[in-house]
Each structure stands twice: as C-alpha cells, then as structure tokens.
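Beneath this line is the structure, given in structure tokens, with notes to follow.
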Amino acid sequence: EAGTVLYGYARRMLDVLDEAKVAVEEIRGIKRGTLRVGASTTVGIYLLPAALGAFKKLHPGLVISLEIGTRERVQEQVLNSELDLAVVGPALKDPELAIIPFLSDELVVVAPAGHALAGKKHLDLKDVAAQPFVMREAASGSRWSLEKAARKAGAKLHVAMELGSNGAIKHAVESGLGLAVISRYACALEFASGRLVELDVRGFPIRRDWHIVYLRKRKLPSSVHAFIEFLKGTSWLSRNGSRGVRPPTD
C-alpha cells in the first residue's frame, strides 16, 4: 500500500516537471529544447531520418533523439513520458493515446532475382504461401499485416525463418532462403539494382498507414507540436525523394 501511495506522488512529480518543461519551451519557442521521437523499425530506419534531418535544418538549436524499437515498446515509452511521440505502422489502440494516420506505405511480396515465380502474373496467395517465408518477429506490424491477409485468403504460411530486421530479411531473401513481405520503402535500392524482384500476388500490395502517437492528456511542447504538423504536411518527402501517399480521408 505504501508503495502505491509513493508511486502516485512520484507520478505527479514527473507530471509537474513535464509541465514545467513545456512552460519553459513555450517561452523559448523552438530555438532551443528537445524532441524525443520513437519509431517502429521500418519507418525509423527508412523514413524518419530524412524527416528529422529536414526538421533539424529548420530548427538547428533543437536537440533531437530517435529511438527505434517494436511498436509495443515505443508506445509504452510514450505512455510513460519517456518519449514525446512515436511513429508506428498499425498502432495499438489505447484510450490514453492520440493516434493520427499521416502517411501510407505498401507491403509487397519479394523474391530473389531469377526466382521461379518472378515474372508470373496474378499469383494466388494460397500458392505463394507454400513457399518458405522469411518473416519478422510476431510483434512486428508487417507480419501482422501479412498474417491478416493470409487468414482472409485461407492460406497457411510456411515460416522458414524469423529475423529481427528488414536488412537481415533482405539478405536472407537474396541468399535464396525464402520469400518475404516487406515495405516498398525498405526495398527501393534492391529493386533498383535488380537484386530483389516484386512478385505479382493477388491482394498485394497491402496498403497500410503509418501513425503519429502521443499522450492525449499532455500539453505538447511547441517543438513536438511543430514536428507533428511538419510530418503531416509531408513536404519533406518531395525534398528527400521518398515515395509515399497521404492516407485516405474517409
């Protein structure tokens, strides 16, 4: 019981400190201050660095940090006020979190160059699922999307290997260890060089939205609010040559 009481006081003290930080940043504007961003793997590696770099050029006095982890981990850090916001794929719903879709990605089925299925048209997922698949860990958004598509198609996936990063998966596919479903952003270089090819599978590409997640009850510092608006504007995409489309408004 004493521990519960102490935790409540500690939580309130942290909230007061956070409010004080916001008040100071409101006075300073965003000439100085911090921005703590979390992201799931794909968006954190292949997209956010460009956005953060462009935002840093606009606000050179801002100290920016980026932490990459699973969507569960970074959303938990937002809930604990360890991060100002997170950017994830399929967000885990929580009443304490504001979740805003801001950009769409496409998941595609990839194979090594010269694969027997390369060049074939209108493949069924049921047939493709019989091939060995190299997949992310169970908590990843891309795996969740693939398994949802497989259930819808009545297909049983043959999981040959689980790997913890898109880079490792791409190397495994290039080495002939299986097919994979991966973000189009993550495969841009491999497609351009011809090391990987996209298979024509019914139901693909799978479109998914990336989401901005922040603590609903928190008064956001000016730096965080400005970065959210910057991300939603997507002007940084054209400046950095990235592909992407806005999420549907309906």
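For Lys152, a cut-off of 19 angstrom between C-alpha atoms picks up these lysines, skipping any fewer than 8 places away in its own chain: Lys126. In terms of surrounding Cβ atoms within a 10 Å radius of their Cβ, Trp210, Trp236 rank from fewest to most as Trp236, Trp210.
When you have a sec, figure out the Kirkwood radius of the stretch 104-207 from all distinct Cα pair distances and drop it here in Å to one decimal?
Numbers: mean 1/r = 0.0750 Å⁻¹.
One decimal place: 13.3 Å for the Kirkwood radius.
Each other residue within a Cβ distance under 14 Å of Leu157 adds +1 if Lys or Arg and -1 if Asp or Glu, for a net charge of +3.
Here the gap between Phe191 and Lys232, fully extended at 0.36 nm per residue and compared with their Cα-Cα distance, gives a gain of 12.0 nm. Loop-only check: which trypsin sites (Lys or Arg not before Pro) in the stretch 72-177 are DSSP coil with at most 15 other Cβ within 10 angstrom? Qualifying residues, ordered by number: Lys93, Lys120, Lys121, Lys156.
Each value in this text was obtained by applying a stated rule to the coordinates, not by laboratory testing. A quick note: this is a predicted structure, and the numbers were derived from the prediction, not measured. Because the Cβ atoms are built from the backbone with ideal geometry, glycine has one as well, and the counts that use them run over all protein chains shown.
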